[in-house]
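Note sheet for the following structure.
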Amino acid sequence: MHMRTRYHGTTGQGSRLQRGFTLIEIMVVIVILGILAGLIVPRLMDEPDKARVVKAKMQIESLLTAVKKYKLDTGEYPSTEQGLIALVEKPTVGKVPANYPEKGYISKVPLDPWNNNYVYISPGEHDDVEIISYGADGEEGGEGANADIRSWELE
């Protein structure tokens, strides 16, 4: 035996359940989503810049290691004139090292994370060798993502 239940039209609770969200409810949800987006999006926007700074620091440390190996093999650091390219191919200017490895010390000199060349100075004012990235703006000085990343200030 089957029991059948009949629903009658739009009276009572049935009409309230079928009507959906009011305009005010939708507006409240949109305002809440806007507030959340305003709080979260700025934090997410800073993450790529932080990652680039970390990458620049790691590249500078790697270049410093290669430069130190160059000094161990040749007796001195590449000069400013020879630059970081001396880690890739045997220098042709300045003092040419006698015992330079056939494949160099690194395969290529990387650009910093903002696609600019690293600045190489030897001898430097703060250390025997200085490697600098000028940050996002590619210019000396600046703050935040535009701040310089210097080899002698690495932690």
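For a Förster distance of 35 Å, can you work out the FRET efficiency between the beta-carbons of Leu154 and Leu36, rounded to the nearest 0.05? Computed FRET efficiency for Leu154 and Leu36 comes out at 0.45.
Run the numbers on the stretch 49-150 and let me know its relative contact order in percent, using alpha-carbon pairs under 8 Å that are six or more apart. Don't skip to the end; give the middle numbers.
Details: 150 pairs, mean separation 24.4, N = 102.
In percent, rounded to a whole number, it is 24.
Report D for the stretch 49-150 in µm² per second (integer): Stokes-Einstein, Kirkwood Rh on Cα pairs, 4 °C, 1.567 mPa s. The Stokes-Einstein estimate is 92 µm²/s. One chain, two ends: Thr65 and Thr92. Fully extended at 0.36 nm per residue, the span grows by 7.5 nm beyond their Cα-Cα distance.
Rule-based calculations on the coordinates, nothing more; no lab input. Because the structure is a prediction, the values reported are computed rather than measured. No Cβ is skipped: glycine too gets one built from the backbone with ideal geometry, and neighbour counts run over all protein chains shown.
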